[in-house]
Amino acid sequence: DPPGKTDQRAAALLLLGVLALETRRSACALHIQQAFASPNQTNNFVVDPVSGKVYLATVNTVYQLNDTLGLEVEKRTGPVEDNLLCHAPQLPQAPCEHPKSLTDNHNKLLELDREQGVLVVCGSVYQGFCELRRMENISQIAVQFPPQGEKTVFPSMLNIAANHPNASTVGLIFKSHGGNTRLLVGATYTGAGTQFFPKNHSKEDLRFENTPEIAIRSLNVQDLSRLFTYDINPSEDNVFKIKQEVKAKNKLNFVLAFTQKTYSYIAFNNDAKMGHKESQPNSILARICLDTENPRKPSGPESRKLTESYIQMPLQCGLNGNIYNRLLSVYPADILTEPYLFGVFSKGDRKTALCAFKFADIEMEIRQGRRNCSNSPSSDVQVLDSVIQGSGAACIHKGNLVLQPEQLDCGAAHLQHPLALRRSLGAVPLVESPGLSSVSVDYVHNHIVVFLGTSNGRLRKVRHWTLKLPASEAVHHIMTLDPSDSNYLYLMTSHHMLRVKVAVCDQWKSCSDCLGAGDAHCGWCTLQNRCTIQKECAQGLLARSWIGMSEGPQQCPSMTLTPPEISISADIKDVGILINGSVPDLVGSRVECEYGPGVSTNATVHLDYGPAQIQTCPLLPREMTHTLLTHIQWR
């Protein structure tokens with residue numbers, strides 16, 4: 001096998017092995033806990049991890065929902081009078097000779113900044129204009145931008161999101177070590193020459209060609225003069241812009257921007273390659289260093305250059321010609337102490353697959369790529385000459401230069417150009433199934449749990465159950481666990497926002513059935529004698545009070561009586577009870593032996609350690625010996 005292929009297979013087998021442990025039988029479908037129906041098509045959502053509020057972006061409307069998806073605030077954002085050939089009306093002295101018409105506003109970017117108390121909402125109208133709304137009440141503008149009477153406003157400060165319904169936009173908010181808040185945005189180019197730009201036979205309109213595909217912008221609401229600027233001088237150092245002459249070969253369709261460690265990752269597809277060889281991956285993962293921790297040198301800029309640290313690599317899901325070459329959804333998750341990137345990929349025949357990549361492998365490839373670019377130039381890495389900051393297609397040999405770890409991770413003064421790794425990082429499919437559209441992953445009680453959304457309106461908990469969603473609407477590619485309670489999952493379909501409980505454990509009525517079901521979320525609550533998720537078990541965090549799937553049915557509590565049979569003529573006052581299995585310590589607890597409704601005696605605990613516990617119960621008076629010991633009860 002080529003280098004790395006053996007490791008890919010080993011990692012895949014490990015993950016598949018953990019997944020396989022999770023199933024033995026199928027459970028019944030779940031019930032949707034809460035739902036919010038939107039009359040307009042949904043675009044995006046974000047959950048506040050503190051208040052539990054959910055913000056939902058749809059066409060022409062943004063909603064503020066409570067933690068049970070009840071409506072709190074509804075704010076209309078469209079339709080508005082607009083024309084794709086006109087600058088935003090917020091731009092001072094920007095008349096437009098083209099006729100305007102009512103245009104739907106596809107609210108695309110939705111980012112929550114708790115520290116500044118704002119919700120960033122960017123729509124498709126007015127060339128991708130953004131508003132800063134109060135997160136406590138989104139009907140109110142938090143910061144008026146541009147300020148009234150402001151004259152020094154440039155189109156680049158207003159044109160932020162993609163201005164077409166079918167063009168992608170992703171983003172994330174981060175804070176640099178200097179304390180300034182910044183907004184990272186990736187947006188599909190929609191200017192002249194693309195399928196999104198209106199045909200204008202009178203002249204070629206290139207007014208909007210300067211919008212970069214990726215940019216880092218200022219988001220400090222206390223400094224309105226720099227708000228949404230590229231926040232660095234020269235500004236070209238904080239943008240990633242495809243050269244005009246090669247845009248047709250670089251049609252970027254963004255999937256997600258997310259952080260991991262001190263890095264920002266941007267996952268996207270190059271749709272210009274679609275229709276080429278099916279074995280060629282079009283999925284790309286780019287990384288940018290955010291400069292959030294280690295201070296820069298006093299003589300250097302406060303903010304790290306985007307172009308200095310940018311590096312990208314192809315992702316390949318599948319082997320031996322069976323390649324799923326388009327990325328649909330990604331989800332970063334920690335498995336034990338190992339961070340992974342899970343992704344749903346598709347290929348031309350509509351088949352889809354789930355793959356997983358180790359971040360350790362991603363980091364290793366990046367370091368090796370920068371090392372090769374400086375010391376041993378090869379076909380595995382090149383300067384990305386498709387962007388305006390790229391200086392050539394080849395790396396230049398720098399002699400016996402030794403790069404420090406910081407330089408290998410984030411570039412250096414002599415490595416200021418964006419780099420592209422040519423060799424794909426590959427993975428073996430963990431799941432292959434038609435119609436997958438989204439993924440979310442959790443690590444629960446030493447088991448991987450995978451949730452998959454589908455294009456025909458189903459939610460699957462891998463190897464467990466399938467839930468049919470309202471109107472069989474396709475599941476959006478963004479799906480996330482509730483940040484305050486991972487026993488619930490948030491997902492979005494074309495017209496619904498949903499909150500689903502990850503497991504229904506009470507369908508299992510016995511301990512053996514509960515633990516034999518193979519659902520990592522479910523366990524036996526010994527003091528309540530029922531199958532629950534751990535959070536719903538009273539004293540569930542008490543040692544041995546909740547038995548998880550990993551412990552197995554052999555840990556189910558059982559009791560043995562001594563003597564096993566009692567003669568009426570025997571002079572026995574107490575019966576000994578040996579309890580096996582996993583039960584909590586009984587010292588200090590009130591323990592009763594119950595013989596029937598309203599008939600019980602207090603038990604005495606003699607030995608209480610490990611898996612076995614010994615107690616005695618006084619026998620009932622002889623006139624009541626026809627009553628049988630039914631169970632033991634803890635209080």
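Observations
- Hey, Lys108 under 21 Å from the mean Cα position of the chain (by Cα) and of a type in the set (Lys, Arg) or not: yes
- Any hit, segment 183-190, residues being open to solvent by 40 Å² or more (accessible area, probe 1.4 Å) and not aromatic (Phe, Trp, Tyr): no
- Just one of the listed residues (Asp485, Asp513) is surrounded by fewer than 17 Cβ atoms within 10 Å (Cβ to Cβ) and either part of a loop (DSSP other than H, G, I, E, B) or among the basic types (Lys, Arg) (or both), and it is Asp485.
- Checking each residue in segment 141-197 for being among the charged types (D, E, K, R) and part of a strand (DSSP E or B) picks out Lys175, Arg182.
- Taking the criterion of being over 23 Å from Gln389 (Cβ atoms) and among the hydroxyl-bearing types (Ser, Thr, Tyr), the residues of segment 303-336 that qualify are Tyr324, Ser329, Tyr331.
- For segment 580-592, the set of residues classified as within 16 Å of Thr560 (Cα to Cα) and either exposed (fewer than 13 other Cβ atoms within 10 Å of the Cβ) or modelled with pLDDT of 80 or more (or both) consists of Asn580, Gly581, Ser582, Val583, listed by residue number.
- Of the criteria (1) in contact with an Asp or Glu (Cβ under 8 Å, 6 or more places away or on another chain); (2) at pLDDT below 85; (3) loosely packed, with under 15 Cβ neighbours inside 10 Å, which one His397 fails: (1)
- Segment 349-363 - residue that is among the hydrophobic types (A, V, I, L, M, F, W, C) and not in a strand (DSSP E or B) and, of those, farthest from Glu338 (Cα to Cα): Ile362
- Candidates Val450, Val431, Val462: the one that is within 28 Å of Arg350 (Cβ to Cβ), in contact with a strand residue (DSSP E or B) (Cβ under 6 Å, 6 or more places away or on another chain) and buried (at least 22 other Cβ atoms within 10 Å of the Cβ) is Val450.
- Residues satisfying the stated conditions in segment 488-510, i.e. outside any helix (DSSP H, G or I), farther than 30 Å from Val62 by Cβ and open to solvent by 30 Å² or more (accessible area, probe 1.4 Å): Val504, Trp508, Lys509, Ser510
- Scanning segment 444-457 for residues that are part of a strand (DSSP E or B) and either at pLDDT 95 or above or of a type in the set (A, V, I, L, M, F, W, C) (or both) yields Val444, Ile448, Val449, Val450, Phe451, Leu452, Gly453, Thr454.
The values are calculated or read from the model by the stated rules, or taken from the named source; none is laboratory data. If you're wondering where the values come from, they're calculated on a predicted model, not measured in any experiment. Heads up, the Cβs are rebuilt from the backbone with ideal geometry, glycines too, and the neighbour counts pull from every protein chain shown. What goes into the accessible areas is simple: the full protein's heavy atoms, side chains included, and nothing from ligands, DNA or RNA. Shrake-Rupley method; radii C 1.70, N 1.55, O 1.52, S 1.80 Å.
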